[in-house]
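Here the structure comes first, spelled out in structure tokens, and everything after it is commentary.
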Amino acid sequence: MRVYGVTGWKNAGKTGLMERLVAEITGRGLTVSTVKHAHHSFDVDHPGRDSWRHRQAGASEVILASGYRVAQMTELRGAAEPPLAELLGRLSPVDLVLIEGYKREGHPKVEAFRAEAGTALIAPGDPTIRAVASDTPLTLDRPVFDLNDTKAIADFILSEVGL
């Protein structure tokens, strides 16, 4: 499975870049899935709904299905967060999986960087970051793209993964 990441610190523009990349790459006729890491608790379900009630009653997994989408919710209930490789194994085959976050994993990545966020670049100390998408000019030992040049960033990623 071809995977490529978008990483960076909070407020660096990762999610916006991911959204634009998915639209750009699927617009070229390729299939894309995404994995997003969250550092906080989240819930895709709604209190009081049937599926929420199933989980509250103790179900380990709940699959919610309709003619429009299928969602599978797994309650960890104190177990360790599954590793990225395991999560990737749950996905159906696609041309490319874009991964948001997972800074410390070994897959190739583009770092999103906004000067106004006030954080240091990750790229200088991380060889898995193959390029930087920045809102300010930078001089680095790898390609630097304008953060809003989605086409060029998509071209780079697709070239990197052989698509």
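Of the residues making up region 88-130, those that are closer than 13 Å to Thr34 by Cβ and among the β-branched types (Val, Ile, Thr) are Val94, Val97, Ile99.
Against the conditions (1) loosely packed, with under 15 Cβ neighbours inside 10 Å; (2) modelled with pLDDT of 90 or more, Ser33 satisfies every one except (1). For region 36-80, a residue qualifies if it is among the aliphatic types (A, V, I, L, M), open to solvent by less than 80 Å² (accessible area, probe 1.4 Å) and more than 24 Å from the chain's Cα centre (by Cα), and exactly one does: Ala59.
Could you count how many residues in region 126-163 are in a helix (DSSP H, G or I) and either at pLDDT below 95 or open to solvent by less than 70 Å² (accessible area, probe 1.4 Å) (or both)?
Filtering region 126-163 for residues in a helix (DSSP H, G or I) gives 150-161.
After this cut, where a residue has to be either at pLDDT below 95 or open to solvent by less than 70 Å² (accessible area, probe 1.4 Å) (or both) as well, the list is 150, 152-158, 161.
Of the residues in that region, 9 qualify.
Does region 18-27 contain any residue that is touching a residue at least 40 places away in the same chain (Cβ under 8 Å), open to solvent by 80 Å² or more (accessible area, probe 1.4 Å), closer than 30 Å to Asp149 by Cβ and in contact with an Asp or Glu (Cβ under 7 Å, 6 or more places away or on another chain)? Within region 18-27 (the criterion being touching a residue at least 40 places away in the same chain (Cβ under 8 Å), open to solvent by 80 Å² or more (accessible area, probe 1.4 Å), closer than 30 Å to Asp149 by Cβ and in contact with an Asp or Glu (Cβ under 7 Å, 6 or more places away or on another chain)), the answer is no, since none of the residues qualifies.
The values are calculated or read from the model by the stated rules, or taken from the named source; none is laboratory data. Fair warning: this is a prediction, and the values are worked out from it, not measured in the lab. With ideal geometry, Cβ positions are generated from the backbone for all residues, glycine too; neighbour counts draw on all protein chains shown. Surface areas here come from the heavy atoms of the whole protein model, side chains and all, with no ligands, DNA or RNA. Shrake-Rupley method; radii C 1.70, N 1.55, O 1.52, S 1.80 Å.
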